[in-house]
Amino acid sequence: MARLAILEYPDKRLRLRAEPVGEVDSEVRTLAADMLETMYAAAGIGLAATQVNVRKRILVIDISEARNEPHVLINPEIVFAEGTVSSEEGCLSVPDVFDYVERAERIRATYLDLDGEPAELEAEDLLAVCVQHEIDHLDGKLFVDYLSELKRQRLKKKALKKSRRSTSEADRPRQAISARLI
């Protein structure tokens, strides 16, 4: 298994829609395992393939305390939703940002499992919120899209500033090394 790099907002690749998986094969199963490892290492509870720059409709979730109840949903689709819940969400692609988002309280989703077999998941509360959040990623939507325009602009500005800072910091050691080689 391998840990994958997680794209961060406002990376434009997070806005691309994922394509359906045609066949669940060893490549898809390996990707799902790598996504789970990446999610666990980042202390997350959900991760969509688009967040690791893979345009496939695959998501992984584990909301258990022991981190031993993983869900892998391939080509997920919500077929039923009811109720409303407002809960605080965060996102591995939008580090250190949390805000309240309104979503359906209960859902039913259809998907393919790791054997390529059709399956169904009935979820409520946190699990329902996670499935909706990750499906949004597969559709190119982020939880920040539910926030006010003012909050989104502030987040984007902060994220761009952070990105520029880490890029310039990453360049410094290389410049120092190349100066010594000359």
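Here are some notes:
- Within the option set Leu36, Leu47, being in contact (Cβ under 8 Å) with a residue 40 or more places away in the chain and either part of a helix (DSSP H, G or I) or assigned by TED's automatic domain parsing to the domain that holds Leu126 (or both) holds for one residue only, Leu47.
- Strands (runs of 3 or more DSSP E) contained entirely in the range 81-134, each with at least 1 residues that are under 25 Å from Glu23 (Cα atoms) and of a type outside the set (Val, Ile, Thr): 106-112, 118-124
- Evaluation of Leu138 against the conditions (1) buried (at least 17 other Cβ atoms within 10 Å of the Cβ); (2) in contact with an Asp or Glu (Cβ under 9 Å, 6 or more places away or on another chain); (3) not polar (S, T, N, Q) shows that the sole unmet condition is (2).
- Of all residues in the range 35-93, those that are hydroxyl-bearing (Ser, Thr, Tyr) and out of contact with any Lys or Arg (no Cβ under 9 Å at 6 or more places or on another chain) total 2.
- Residue match in the range 138-151 (condition: touching a Ser or Thr at 6+ places or on another chain (Cβ under 7 Å) and among the charged types (D, E, K, R)): no
- The set of residues in the range 1-28 that are outside any loop (DSSP other than H, G, I, E, B) and crowded, with 16+ Cβ neighbours inside 10 Å comprises Leu14, Val28.
The values are calculated or read from the model by the stated rules, or taken from the named source; none is laboratory data. The structure displayed is predicted, hence computed values, not measured ones. Note that we place each Cβ from the backbone using ideal geometry, even for glycine, and neighbour counts take in every protein chain shown.
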